[in-house]
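Since the structure comes first, as structure tokens, the remarks are kept for the end.
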Amino acid sequence: MPQALDPAGLAAHAQGARQATASFLKNHELSAGERALLRLMDRWPGVFQQRVGRGDLTLIHGDLHLLGNVFQSADALELRLIDWAQIKRGLGPHDLMYMLISADAPDRLERDAALIQRYRLGLVSAGVVGYALEQCLDDYRLSLLTNLFQSIFQDSLKWFRKTAALVELWRCAELLTE
């Protein structure tokens, strides 16, 4: 779901998400708030397609997590990323979100916000122009919503709840109600 698909591809994925969500609802007892979030997610494909239509996309890994894709060099000065077999076009902050989602911290919001800002400054120093910090933050938040689908496809209540808590922390659902 994080990749920038054409409308037909996105519609096919959205249909799969609806089916997986129906199964997820049958398999798990959810709170009223969790059910409301799932209903709100019906708007996600349109919001995502609108964002993708504006451009400013990059190549993403799509499954960049700390449990096997990220390694330090022997001198600990560099990180090395592996497993680029499924590279796709998408929102740049998606990989950062996916990497950070499992890395809890007491100052989660502040830490992640600082890393998002650092990520964006890295893009700017590499020559990217016109990618405002507010857009980068929104792209991170939209990517976080995408992870709700990931947890549903994996039928993982644990990851659904972890992601839902972060969605609330980042107030990502506002992107679907604007």
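Each value in this text was obtained by applying a stated rule to the coordinates, not by laboratory testing. The structure displayed is predicted, hence computed values, not measured ones. All Cβ positions, glycine included, derive from the backbone under ideal geometry; neighbour counts span all protein chains shown.
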(request) For Gln15, put the label point 7 Å out on the Cα→Cβ axis and report which residues of region 27-52 keep their amide N under 17 Å from it. (result) 45-46
(message) Can you give me the distance in nm between label points at Leu25 and Glu174, each placed 7 Å from the Cα along the Cα-to-Cβ direction?
(response) 2.8
(message) Using the basic label-point model (7 angstrom from Cα toward the beta carbon), what is the Arg43 to Arg80 distance in nanometres?
(response) 4.5
(message) From the mean inverse distance of alpha carbon pairs (Kirkwood) and the Cα radius of gyration, derive Rg over Rh for the chain.
(response) 0.96
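What's the magnitude of the charge dipole for region 131-178 around its Cα centre, counting Lys and Arg as +1 and Asp and Glu as -1 at the beta-carbon? Answer in Debye, nearest 20. Write out the running numbers ahead of the final one.
Numbers: 5 positive and 7 negative charges, 66 e Å.
Result for region 131-178 is approximately 320 debye, rounded to the nearest 20.
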(message) Which residue, Ala132, Tyr98, Leu175, has the largest displacement toward the positive end of the dipole of region 41-178 when charges sit on each Cβ (Lys, Arg +1; Asp, Glu -1)?
(response) Leu175
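Remind me, relative contact order of region 93-178 in percent, using alpha carbon pairs under 8 angstrom and six or more residues apart? Mind dumping the intermediate values first?
Working: 54 pairs, mean separation 28.6, N = 86.
Relative contact order for region 93-178 comes out at 33 percent.
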(message) Only sites in a loop by DSSP and with at most 15 other Cβ atoms within 10 Å count here; which trypsin sites (Lys or Arg not before Pro) in region 1-61 make the cut?
(response) Arg54
(message) Suppose the chain between Gln154 and Ala32 were pulled fully straight at 0.36 nm per residue; how much longer would it get relative to their current alpha carbon spacing?
(response) 41.8 nm
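Please get the size of the charge dipole for the chain, origin at its Cα centre, with Cβ charges of +1 on Lys and Arg and -1 on Asp and Glu, quoted in debye to the nearest 20. Working shown, then result.
On the way: 19 positive and 21 negative charges, 78 e Å.
For this selection, approximately 380 debye.
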(request) Counting other beta carbons within 10 Å of each Cβ, put Ile87, Ile116 in order, fewest first. (result) Ile87, Ile116
